[in-house]
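The values are calculated or read from the model by the stated rules, or taken from the named source; none is laboratory data. Note that the structure is a prediction, hence the values are computed from the model and not measured. Here the Cβ is made from the backbone with ideal geometry for all residues, glycine too, and neighbour counts use every protein chain on show. Ligands, DNA and RNA are stripped out before the accessible areas are found, and what is left, the full protein with its side chains, is counted by its heavy atoms. Shrake-Rupley method; radii C 1.70, N 1.55, O 1.52, S 1.80 Å.
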Amino acid sequence: MQKPILKSVEKVTDTQYTNMYLYNYEYNKKLMPYYVTSRRKMTKQNANKPVADAVIVLPYFVKNKKTYVVFIKEFRYAVNSYIYDLPAGLIDKGETASEAAARELVEEIGATCKSLIPCTTLSYVSPGCFNEGTVTFFAEVELDKPQQLEDGEIIDLHILPLEEVIDFVDNNIMGVQGKMMTKIFYYKQKCK
Amino acid sequence: MNNNIKLKSVETVQKFDRINVYTYHFSVNSRPLDYNLVSRRKMNKKNSTEKHIDATVIFPYIKKGKDTFIVFIRQFRFPINDYIYDLPAGRLEPGEDALECAKREVAEEIGARVLKIEPATSPAYTSPGLTNECIATYFAQVEMVGQQSLEEYEVIDIELVNLKDINKFVDTHTMGMTGKMLSKMFYYQQLLNKKGKI
């Protein structure tokens, strides 16, 4: 089976954060155009380079021997609704994924990160359309400071004991990573 | 939370064959706020909050004696310009529900028949900062029965991974997010089951 060959990359929209690109492939000697959505500036050279664009963090703390998970309730403009989710954000220039995770915890939930362990290594959120790469972590936190929200960010905290998180994610609209990370965390904790 | 958020209008930036780009014009506490997003659907002011499922992802496993194997696919993903491991997945066709879509994708992409299927998560957004794409995910016990039926641009190989090796496999390969996470979910759920704690 022949590998498709990327011949050229054209930018087709010009918006601030997310853009569409036209990838012109040659496959079995035929031209195959494919539209790709990206947060980055794409070229023929960087098209196959795995990049972590964003981090997602499951924050938890232990109080009186009970474990609690910190969810957020956030207005998501792309779905025109408030939805529950886990803290997440884009990795800034020059920042590592762990640094971005710690920063998002301060900004979105006002927490200090005490320890950070990876949940999954770099993976693609929706590789049929996007090249967005994400890294995920479990973070033990201490809620000890005010949130630092950006203009237009609307985030409330929703703290639940571990025993309630499975029902919660099954019964609410959320991001899919948030749901899956919560279930992984729950099962892992219960396996201990 | 006393914010007054209203979607004023939906502007189509550009339409493509698989996806469309929109600008949502909001008013937040009487101040304008523009937000770019991409969608698999045709969006307007009225359907922006409508519940819907765009696609399904299926975690197929087979039982062989005492062992369980996960059926991964290795597929050329054009947005990544590379082969990556992943799970069977695909968009709902018109008139199809999520469960029918899941069974069809399993048949087409890995040539298997579903014996038992249950939701892994309830429907959820893949990346709600960027898109309103919403997916349903399933765990499906399957039997390999036939041939794949692939579309011309699909390049898909099948790889079986023993459940015992799954954590290491997903940690050391480049994959789609749902593939990695559903693997870990399944692994720990089964482990817990074995310990009699579920």
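Modelled label-to-label distance, B:VAL145 and B:ASN29, 7 Å Cα→beta-carbon offset: nm?
Calculated label separation equals 5.9 nm.
Give, in nm to one decimal, the length gained when the segment between A:HIS158 and A:ASP14 is fully stretched (0.36 nm per residue of separation minus the Cα-Cα distance). Spell out each step's value before the answer.
Numbers: separation 144, 0.36 × 144 = 51.84 nm, distance 3.65 nm.
This chain segment gains 48.2 nm when fully extended.
Cα-Cα over 31 Å: which of B:LYS66/B:LYS103; A:LYS44/B:LYS46; A:LYS65/B:LYS64; A:LYS114/B:LYS51? The partial results should precede the final answer.
Working: B:LYS66/B:LYS103 25 Å; A:LYS44/B:LYS46 39 Å; A:LYS65/B:LYS64 41 Å; A:LYS114/B:LYS51 38 Å.
Cα-Cα > 31 Å for A:LYS44/B:LYS46; A:LYS65/B:LYS64; A:LYS114/B:LYS51; rest within.
So if I take the centroid of the Cα atoms in segment B:1-47 and the same for segment A:1-41, what is the distance between those two points in Å?
Comparing the Cα centres of segment B:1-47 and segment A:1-41, I get a distance of 25 Å.
In the full protein assembly as shown, how much of A:CYS113 is accessible to a 1.4 Å probe, in Å² to the nearest 10?
Here the residue's solvent-accessible area equals roughly 40 Å².
Using the charge dipole of the protein assembly as shown (Lys, Arg: +1 at Cβ; Asp, Glu: -1 at Cβ; taken about the Cα centre), state which of B:THR174, A:THR13, B:LEU160 has its Cα farthest towards the positive end.
B:LEU160
What figure in square angstrom, to the nearest 10, would you give for the accessible area of B:VAL13 with a 1.4 Å probe?
The accessible area of B:VAL13 comes to roughly 50 Å².
Pop out the carbon and sulfur fraction of the accessible area of segment B:55-194 as a percent, whole number, probe 1.4 Å. Could the numbers behind the result be given before it?
On the way: 2500 of 5500 Å².
Of the solvent-accessible surface of segment B:55-194, carbon and sulfur hold 45 percent.
If you place +1 on the Cβ of every Lys and Arg and -1 on the Cβ of every Asp and Glu, how big does the dipole about the Cα centre of chain B come out, in debye to the nearest 20? Walk me through the intermediate numbers first.
Working: 28 positive and 25 negative charges, 194 e Å.
Computed charge dipole of chain B: roughly 940 debye.
Taking a temperature of 37 °C and a viscosity of 0.692 mPa s, what whole-number D in µm²/s does Stokes-Einstein yield for chain A with Rh from Kirkwood over alpha carbon pairs?
179 µm²/s
Taking 0.36 nm per residue of sequence separation and subtracting the Cα-Cα distance, how much length would be gained by fully extending the chain between B:THR12 and B:ASP171, in nm to one decimal? The partial results should precede the final answer.
Numbers: separation 159, 0.36 × 159 = 57.24 nm, distance 3.91 nm.
That pair, B:THR12 and B:ASP171, stretches by 53.3 nm at full extension.
Please list, in order along segment A:30-39, the HN-Hα scalar couplings obtained from phi with the Karplus expression 6.51 cos²θ - 1.76 cosθ + 1.60 (θ = phi - 60°), rounded to whole Hz, x for Gly and Pro.
Rounded to whole hertz, the list is 10, 6, 9, x, 9, 8, 10, 9, 9, 8.
Starting from the Cα of A:LYS93, draw a straight line to each of the lysines and keep only those under 19 Å, dropping any in the same chain fewer than 8 residues away.
A:LYS41, A:LYS49
In degrees from 0 to 90, rounded to the nearest 10, what is the angle of the helix A:97-109 Cα long axis to the longest principal axis of chain A?
Helix A:97-109 sits at roughly 50 degrees to that axis.
Choose one answer from A:ILE155, A:ILE109, A:ILE56: the residue with the largest mean-square fluctuation in a GNM of chain A with alpha-carbon springs under 10 Å.
Comparing A:ILE155, A:ILE109, A:ILE56 in the GNM, the peak value goes to A:ILE155.
Starting from the coordinates of the alpha-carbon atoms of segment A:78-178, obtain the Kirkwood hydrodynamic radius over all distinct pairs and give the value in Å to one decimal.
Numbers: mean 1/r = 0.0663 Å⁻¹.
Result for segment A:78-178 stands at 15.1 Å.
What is the sum of charges around A:MET180, taking Lys and Arg as +1, Asp and Glu as -1, for the other residues whose C-beta is under 13 Å from the C-beta of A:MET180? Write down the numbers at each step before the final one.
Numbers: positive: A:LYS179, A:LYS183, A:LYS188, B:LYS180, B:LYS184; negative: A:ASP85, A:ASP170.
Summing Lys and Arg as +1 and Asp and Glu as -1 gives +3.
In whole percent, and with a 1.4 Å probe on the protein chains, what portion of the accessible area of segment A:1-137 is carbon and sulfur?
52 percent
Using a 1.4 Å probe and counting only protein heavy atoms, how much accessible surface gets buried when A and B come together, both sides summed, in Å² to the nearest 100?
Working: alone 11800 and 12440 Å², together 17690 Å².
Chains A and B together bury approximately 6600 Å².
Multiplying the sequence separation of B:ASN162 and B:ARG41 by 0.36 nm and subtracting their Cα-Cα distance, what value in nm do you get? Before the final figure, lay out the partial values.
Values: separation 121, 0.36 × 121 = 43.56 nm, distance 3.74 nm.
Working it through step by step, the gained length comes to 39.8 nm.
What is the ratio of the Cα radius of gyration of segment A:49-89 to 2.2 N^0.38 Å, with N the residue count, to two decimals?
Working: Rg = 14.0 Å, N = 41, 2.2 N^0.38 = 9.0 Å.
Taking N as the residue count of segment A:49-89, the ratio is 1.56.
So how tilted is helix A:176-191 from the main axis of chain A? Cα-based, degrees 0 to 90, rounded to 10.
Here the helix axis deviates by roughly 50 degrees.
I want to verify the translational diffusion coefficient of the protein assembly as shown in µm²/s; compute it with Stokes-Einstein, Rh as the Kirkwood radius over Cα pairs, at 20 °C and 1.002 mPa s. Before the final figure, lay out each step's value.
Details: Rh = 21.7 Å.
Estimated via Stokes-Einstein, D reaches 99 µm²/s.
Charges on Cβ only, +1 for Lys and Arg, -1 for Asp and Glu, centred on the Cα centroid of segment A:54-191; of A:ILE83, A:PHE138, A:TYR186, which one is farthest towards the dipole's positive end?
Result: A:TYR186, furthest along the dipole toward the positive end.
Of the options B:LEU92, B:GLN189, B:GLY129, report the single residue whose Cα projects farthest towards the positive end of the charge dipole of segment B:55-194 (beta-carbon charges: Lys, Arg +1; Asp, Glu -1).
Working it through, the farthest residue towards the positive pole turns out to be B:GLN189.
So what's the back-of-envelope 222 nm ellipticity for the protein assembly as shown, counting only DSSP H runs of four-plus at -39500 (n - 2.57) apiece and dividing by all residues, rounded to 500?
On the way: 6 runs with 74 residues, N = 390.
Calculated from helices alone, the mean residue ellipticity at 222 nm is -6000 deg cm²/dmol.
Between the helical axis of B:98-110 and the dominant principal axis of chain B, each derived from Cα atoms, what acute angle in degrees is found, rounded to the nearest 10?
The answer is roughly 50 degrees.
Looking only at Cα atoms, what is the convex hull volume of chain B per residue, in Å³? Mind showing how you got there, number by number?
Values: hull volume 31.4 nm³, N = 198.
In chain B, the Cα hull volume divided by residue count equals 158 Å³.
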